[in-house]
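Visitor: Structure provided below as structure tokens; questions to follow.
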Amino acid sequence: MKIKSKLPNIGTTIFTTMSALAREHNAINLSQGFPDYDCSPKLKEAATHYINTGYNQYAPMAGTIQLRERVAEIISLSYGSNYDPDSEITITAGATQAIYTAIAAFIHKGDEVIVFEPAYDCYVPAIEVHGGIAVYSQLKANDFSINWEDVRKKITQKTKAILINSPHNPSGTTITAKDILELEKIISGSNILVISDEVYEHMVFDGETHNSVAKSKILKQQSILISSFGKTIHTTGWKIGYVAAPKEIMNEFRKIHQFLVFVVNHPLQLAIADFLADKTNYTELKKFYQAKRDLFLKLTASSRFVPLKTSGTYFQLMSYKNLSDESDTELAIRLTVEKKLATIPLSVFYSEKTDNKLLRFCFAKKDETLEKAAEIICNI
Ligand code: PMP
Ligand code: GLN
């Protein structure tokens, strides 16, 4: 049979590839972003409770009302912004499905979407599969901030959406209140939709607050806010996330959502809703991850790698310019095979595979894992 691929240039994701290589070589895995510790026992008790008490059939299409109400509460408490749980919040199978669904719902053939590079890997394939065109704007090389002049130049009649991600994977940087103002100026009075990937919303450090699109009255009207519980409650394997958007936008989103997944895992939604009634389960996350970041930086301070500033996420970028001329991919593979430490080369997040000699390290790991990893790093 002859297959005409819709994504002829796409292979297996780097996260799958590096995690497999780490397993094969018994390497410490700081590549793919996931914790090596378990979620809370209370959350597991709640999950088994709902499985054991009969919540094993379809949930309502938009998600259980308990979890939608909880999401509305979290957004209201975190950003002072109100979304109607009935018509403006939908529970998804993680952020990946939410992003794909948002793109499927709004991007027509020939529409342009502004994407910032380096970019998380699921954005562009979703755009292209729907006949859209990714228009790249490079984040500034020194600090990964947005070049708004460049963005303005790239807006055309065909621009349908701008995809933003803060806190940003892979750089660990965050957008500022000034960025929000710039974005407001660009989209107000236009038909441009903002697709805002905020999966690391509760992980911002050093006293900063997260600049969600929900905080801006102007942006909120034209934005789809996307997040994932996987990051917030250490359950990347549960694949549950959420979307918040004004009613008219949400109507269109749900038209696709109902035929893509229809509904999401029922008992786990109820468990998450219960668990997040305790606000400290998300408000304390920044402290937890800031301590991990600081420990990782302290443990690797004497190494020849140079850390970049991380103000959010659970990723730390390190420059190896002082160390090697190898390409980042060659080095990441060699470190996994020879030194037993897996990382992610940054070039994979660029369409042109731009190599700035940077590796991404995930610090969502037990302190003892970070200690073992740091020992290797300091000996390179
Ligand atoms: N966006 C970003 C920036 C991510 O890092 C991830 C996953 N780590 C996702 C989306 C996907 O989240 P999920 O696992 O909930 O699909
Ligand atoms: N988002 C995670 C990362 O950046 C990985 C998720 C995945 O494997 N798709 O490492």
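Visitor: Collect the residues in segment 13-26 that are more than 9 Å from ligand 2 (Cβ to nearest atom), within 21 Å of Phe349 (Cβ to Cβ) and assigned to a loop (DSSP other than H, G, I, E, B), keeping them in residue-number order.
Guide: Within segment 13-26, no residue meets the criteria.
Visitor: Among the residues of segment 112-129, are any surrounded by fewer than 20 Cβ atoms within 10 Å (Cβ to Cβ), more than 16 Å from ligand 1 (Cβ to nearest atom) and over 21 Å from the mean Cα position of the chain (by Cα)?
Guide: For segment 112-129, residues surrounded by fewer than 20 Cβ atoms within 10 Å (Cβ to Cβ), more than 16 Å from ligand 1 (Cβ to nearest atom) and over 21 Å from the mean Cα position of the chain (by Cα): absent.
Visitor: For segment 213-249, name all the residues that are part of a loop (DSSP other than H, G, I, E, B), away from ligand 1 (no atom under 14 Å from the Cβ) and either under 19 Å from Glu69 (Cβ atoms) or β-branched (Val, Ile, Thr) (or both).
Guide: Within segment 213-249, Ala245, Pro246 qualify.
Visitor: Next up: Taking the options Ser212, Ser227, name whichever one is within 18 Å of Gly33 (Cα to Cα), under 15 Å from the mean Cα position of the chain (by Cα) and modelled with pLDDT of 95 or more.
Guide: After applying the criteria, what remains is Ser227.
Visitor: Still on this structure, I have one more. Across segment 343-380, what is the number of residues that are within 16 Å of ligand 2 (Cβ to nearest atom), small (Gly, Ala, Ser) and surrounded by fewer than 22 Cβ atoms within 10 Å (Cβ to Cβ)?
Guide: Residues flagged as within 16 Å of ligand 2 (Cβ to nearest atom), small (Gly, Ala, Ser) and surrounded by fewer than 22 Cβ atoms within 10 Å (Cβ to Cβ) within segment 343-380 amount to 1.
Visitor: Still on this structure, please answer the following. Residues of segment 67-113 being part of a strand (DSSP E or B) and of a type in the set (Ser, Thr, Tyr), which ones?
Guide: Correct list: Thr90, Thr92.
Visitor: What is the number of the single condition among (1) crowded, with 19+ Cβ neighbours inside 10 Å; (2) not in a helix (DSSP H, G or I) that Phe296 does not meet?
Guide: (2)
Listed here are the residues, each with its yes/no results for (1) of a type in the set (Phe, Trp, Tyr); (2) within 16 Å of ligand 2 (Cβ to nearest atom); (3) touching a Phe, Trp or Tyr at 6+ places or on another chain (Cβ under 7 Å).
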{"site": "Pro60", "(1), (2), (3)": "no, no, no"}
{"site": "Ile75", "(1), (2), (3)": "no, no, yes"}
{"site": "Asp111", "(1), (2), (3)": "no, no, no"}
{"site": "Pro118", "(1), (2), (3)": "no, yes, yes"}
{"site": "Ile133", "(1), (2), (3)": "no, no, no"}
{"site": "Lys158", "(1), (2), (3)": "no, no, no"}
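The values are calculated or read from the model by the stated rules, or taken from the named source; none is laboratory data. Quick caveat: nothing in here was measured; it's all calculated off a predicted structure. Backbone-built Cβ (ideal geometry, glycine too); neighbour counts: all protein chains shown.
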